[in-house]
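**Q** Handing you a structure now.
The values are calculated or read from the model by the stated rules, or taken from the named source; none is laboratory data. Quick caveat: nothing in here was measured; it's all calculated off a predicted structure. Positions of Cβ are backbone-derived with ideal geometry, glycine not excepted, and every protein chain shown enters the neighbour counts. For the accessible areas, the whole protein counts, side chains as well, though only heavy atoms, and no ligand, DNA or RNA atoms are used. Shrake-Rupley method; radii C 1.70, N 1.55, O 1.52, S 1.80 Å.
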Amino acid sequence: MNAVDNNESAQFREGARQPVTSVRAWESLDSRAHPTVGCVVTLESGHQGRALVPTGASVGQFEVADLRDGGARYDGLGVRDAVVRIETTVAETLAGVPAGEVDDHLDGGPSNVTLAVSQASARAAAAASGQPLWRYLNGSGEVSLPCPMVNIFSGGRHAEGGVRVQDFLAIPLAAGSFAEAIEVVWRVRRRAAQLTEERYGTLMSRLVADEGGLAVLAGDDAEPLELLARAIEDVDENVGIAIDVAATQIERPEEFLSTLERWCSRYPIVSVEDPLDDDDWDGWTDVTRRIGHLQLVGDDLFATSAARVDKAAGLGVANTVLVKPNQVGSLRRAADAVAAARHHGYATVVSARSGDTEDDMIADLAVGWNAGQIKVGSIMRSERLAKYNRLLEIEAVDGVRYGGWPR
Ligand code: PGA
Ligand code: ZN
């Protein structure tokens, strides 16, 4: 280690050692206009960190639940109880705790309580260290900019439509930089919008789903896939297709499997997420045998739990872990899932939620954890662009190198 590295890790420790002096929270709104928790943590040095947490729509049974107020306000989705919990119990527990040890004291609470505090504390510690968040999280390990999986068409619970599959995404397979990756998928999305307009008219091509994707309301599951494949053919053949079935939201996912296999042989599909229920281990073993030559991503299957990653690896199920910090309620536990994935040779994709905010933290998580891939929705709507813009900044200003499509 050279003198600069020594100096940097001393700074790194300095921020993590700063004690927490105050924890404040408030009720905010996410991109679906549902209440969500905002939090600011202040350290003895005066440095502050702020966070707004996201919420999913396809919430798996193994996720740590959010605390919601119930009752009449905001259709029961209010988070005033979570705010009170943070400003009383959690604030009392954390008073004087070093910022770097906050996550050790957060076990067991609702996700929107603990994650808000975990994220705000990490930001405060990074600020006190004088480091960008990605570097604070990484220490002196390897880093790279992630390959983006970008939503182009949405169905399922993100678009209220007849299409059952939740996401049809584009993955740039040959881009030389993150900026180039974004430019390629921008062209795919624009071409897909033109094709949608030709097929369904202007109204449909202007509809925007929860993650900024095009919302095709047609009944046929294959229609968005057909349009996306044509857009890719027209724009750049070095783009692959990813599908998130979000099978926990589908009535009989097993029956859908043969359709999925047919699609995989007909279209340039390189990645499939959650083709089956999150507790169907036999089904997952079978599907891994059938399409495990592709990237096979578990989202609800893993629920960002290191223990579930260990179990899947023991059974040889799936090969890639979707990492959503709010499924487990703290950055430390999400980092544990990343470490478990790496240990077993599984790839990782850091992911936003469909109800997200302008908080761009997961961009820094993807870089700092050297995750390899990121999934934050389409290149439309600012809660999505906040993450892409942060990655463009890290590439241009901090000079982190782009890792490319990792398979
Ligand atoms: P969710 O969907 O945030 O609505 O759960 C995102 C995903 O499944 O990847
Ligand atoms: Zn998913």
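**Q** With all protein chains present and a 1.4 Å probe, how do His343, His105, His158 order by accessible area, largest first?
**A** His343, His105, His158
**Q** How many nm separate the modelled label positions at His293 and Trp281, each set 7 Å beyond the Cα in the direction of the Cβ?
**A** Those two pseudo-labels are separated by 2.8 nm.
**Q** Whenever you get a sec, line up Met149, Met204 from highest to lowest accessible area (probe 1.4 Å, protein heavy atoms).
**A** Putting Met149, Met204 in descending order of accessible area: Met204, Met149.
**Q** Follow-up. Defining a contact as two alpha carbons under 8 Å apart and six or more residues distant in sequence, what relative contact order in percent does the chain show?
**A** This gives 20 percent for the chain.
**Q** May I ask for the angle, rounded to the nearest 10°, between helix 111-129 and the longest principal axis of the chain, with both axes built from Cα atoms and the value confined to 0 to 90°?
**A** In the chain, helix 111-129 runs at an angle near 60 degrees to the longest axis.
**Q** Then there's this: Just to check, using Stokes-Einstein with a Kirkwood Rh over alpha carbon pairs, what's the diffusion coefficient of segment 18-130 at 37 °C and 0.692 mPa s in µm²/s?
**A** 232
**Q** Could you give log10 I(q)/I(0) at q = 0.10, 0.17, 0.20 Å⁻¹ for segment 249-364, computed by the Debye formula over C-alpha point scatterers of equal weight, without solvent?
**A** Debye curve over Cα of segment 249-364, log10 I(q)/I(0) at q = 0.10, 0.17, 0.20 Å⁻¹: -0.30, -0.83, -1.08.
**Q** Now, a different point. To the nearest 10 degrees, how steep is helix 253-266 against the longest Cα principal axis of the chain, on a 0 to 90 scale?
**A** Taking the Cα atoms of the chain, the angle to 253-266 is about 70 degrees.
**Q** Now, a different point. Note down the accessible area of Asp103, probe 1.4 Å, to the nearest 10 Å².
**A** About 20 Å², rounded to the nearest 10.
**Q** Provide the solvent-accessible area of Ser140, counting protein heavy atoms only and rolling a 1.4 Å probe, rounded to the nearest 10 Å².
**A** 100
**Q** If one takes the longest principal axis of the Cα atoms in the chain, at what angle in degrees, from 0 to 90 and to the nearest 10, does the Cα axis of helix 3-17 lie?
**A** 80
**Q** In nm², what is the average projected area of the convex hull enclosing the Cα atoms of the chain?
**A** In nm², the orientation-averaged hull projection of the chain is 19.1.
**Q** For the chain, give the share of DSSP beta bridges that are antiparallel, in percent and rounded to the nearest 5; count only bridges with both residues there.
**A** About 55 percent, rounded to the nearest 5.
**Q** Using alpha-carbon pairs under 8 Å, 6+ residues apart, how would you state the relative contact order of segment 118-191 in percent?
**A** About 22 percent, as a whole number.
**Q** Considering Cα pairs under 8 angstrom that are at least six residues apart, work out the relative contact order of segment 261-331 and quote it in whole percent.
**A** Once divided by the residue count of segment 261-331, the mean separation gives 31 percent.
**Q** Shifting gears a bit: Using Cα positions and a limit of under 17 Å, work out the aspartates and glutamates in reach of Lys387, with same-chain residues fewer than 8 apart set aside.
**A** Hits, sequence-local ones excluded: Asp30, Glu180, Glu183, Asp210, Glu211, Asp356, Glu358, Asp359, Asp360, Asp364, Glu395, Asp398.
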